[in-house]
């Protein structure tokens, strides 16, 4: 393997290790964790929508040849995750009726949906890192740094979503790391197939955006509405706006290649 391939894989490995940054939540007392989980979900809603509308959607419209195609791919991602969500709900209901005492039935479908969405996003990040390093080392480094910056808040949010969905701390960390490895697959495929698969990322980006929009609006917002009362309405809104703000700020300093 040449140096470029090695640097690309090392960059992706660094991004993968970020999946452990949310582990600091495990050191909080259970009572404190229960109190901040709704706020983490609010932040996740903002971060997911911000990632979609400030990163993925603009990139998609910039790179794809047709605005109509881009819109259809975003909608396809939204509908794909709607279908997956429906299947997960059916499976969960079946499991809970068949095994009412089983621990598996205690995990809410949006936890698995979050893993699918994150897997697609990580795979795309891996393609972007591999393609950028193949163009030039400076671009590879800039792309890696940009991905690291938007992954840190995303990974903390992901762990919060999994814990809220009913995953144990250990299971949440292991699943999150496993899904992060999709980035390595994306990088390896890009290095193996060359520039041809680099263009694949432009078609995956809008699908990932649609998935993120569905996860935020279709799965997480209803979860927060259950918790919303007069006393925390403003706080929830502020935290959602904070998630949006972080992603907007990162989009202004993004190293994604145009």
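Please treat every number below as a calculation from the coordinates, not as lab data. Bear in mind the structure is a predicted one, so any value in this text is a computation, not a measurement. When we count neighbours, we look across all protein chains shown, and the Cβ atoms used for this are built from the backbone with ideal geometry, even at glycine.
Here are the numbers for the structure shown:
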item	result
Tilt relative to the chain, helix 67-98 - C-alpha long axis, 0 to 90 degrees, to 10	40 degrees
Gyration tensor verdict on the stretch 206-249 (Cα atoms; rounded if a/c is under 1.5, prolate if a/b is larger than b/c, oblate otherwise)	oblate
Top of 117, 142, 183 by mean-square fluctuation, Gaussian network on the chain, Cα under 10 Å	142
Protection proxy ranking of 211-218, 45-52 - average other beta-carbon atoms within 10 Å, highest first	45-52, 211-218
[x] 31, 19, 19; [y] 56, 20, 14; [z] 40, 19, 16, with the label sought being that of the calculated semi-axes √(5λ) of the Cα gyration tensor in Å	[x]
The chain: relative contact order as a whole-number percent, Cα under 8 Å and 6+ apart	43 percent
Top of 230, 108, 169 by mean-square fluctuation, Gaussian network on the chain, Cα under 10 Å	230
Residue with peak Gaussian network fluctuation, the chain [Cα springs, cutoff 10 Å], from 15, 207, 32	32
Sites residue 139 and residue 71 - FRET efficiency at Förster radius 25 Å, r taken between beta-carbons, to 0.05	0.35
Debye log10 I(q)/I(0) at q = 0.25, 0.26 Å⁻¹ for the stretch 118-192, Cα point scatterers	-1.07, -1.12
On Cα atoms only, tilt of 233-252 relative to the major axis of the chain in degrees	10 degrees
Calculated [θ] (222 nm, deg cm²/dmol) that DSSP helices of n ≥ 4 give over the chain, each run adding -39,500 (n - 2.57)	-25500 deg cm²/dmol
